[in-house]
Amino acid sequence: MVFLDHYFTDNRNLEENRKDHSFRFSGHLFTFTTDKGVFSKTDIDRGTQVFLEVLSHEDLSGKLLDLGCGYGVLGIVLKYVFPKLQIQLTDINPRAVELTNLNCQKNQIEGVAYESNGFENVKDTFDIIVTNPPIRAGKTVIYKMFEDASGYLAENGILYVVIRKKQGAESAVKKLIEVFDNCEVVEKNKGYWVLKSHKNSN
């Protein structure tokens, strides 16, 4: 087990082995370049697929942040489905960020990807933040993402999270209620929960 080379770390030292794979969503075929050291490098993970199905039926508008974007699937597909969205994508992993920018170009999507450890380098506020959080990084990391998200959401902004039940969905709901005073379980599908919290004006 090479923990230091995990997808939620700076693993630019890994040898490159880029590969392309395709993903069809909403009648459109996307092509993504992946590499060693990024999450779900061989195909689109089930959690992301469930998440996209739910998000594609939400009314998304304004500025969106894909937090912990991996190689950019969520942000890129959502920009295609909702063309008026302004998207930014961040990841702690510089290899993931490089791939995301490449995949934006490959799929003719206008978006900006940049390195950030959580919200460290994020300057803007957003109407929507979406995240498929790095579960293996642990609850301390993930819960800090939830807490910090509140400060980067515009008034009435929304945080969406996908998380597996067996990897802590129920405790994530409790944490989101603690942070936002609300959390809706939008979907339960094949063990994955999609959670939604609003930033309410005081």
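Read the figures in this text as sums done on the coordinates, not as results from a lab. These numbers were taken from a predicted model, which means no experiment stands behind them. As a convention, Cβ positions derive from the backbone with ideal geometry for all residues, glycine included, and neighbour counts pool all protein chains shown.
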Out of residues 5 or more away from Phe126 or on other chains, whose amide H comes under 5 Å of its own, with H placed 1.01 Å from N in the peptide plane?
Leu153, Ala154
Rg(Cα) of the chain divided by 2.2 N^0.38 Å?
0.95
In the Gaussian network model of the chain, springs joining C-alpha atoms below 10 Å, which of Thr34, Thr140, Thr48 carries the largest mean-square fluctuation?
Thr140
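Test of understanding: ordering Arg164, Arg18 by Cβ neighbours within 10 Å, fewest first, what list do you get?
On the way: Arg164 16, Arg18 12.
Ascending number of Cβ neighbours within 10 Å: Arg18, Arg164.
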Can you run phi through the Karplus equation (6.51, -1.76, 1.60; θ = phi - 60°) for segment 58-71 and list ³J(HN,Hα) in whole Hz, with x for Gly and Pro?
8, 9, 8, 8, x, 9, 10, 10, 9, 8, x, 6, x, 9
Could you sort out which of Lys106/Lys199; Lys63/Lys166; Lys84/Lys106; Lys144/Lys174; Lys139/Lys196 sit more than 23 Å apart by Cα distance in this structure?
Lys106/Lys199; Lys63/Lys166
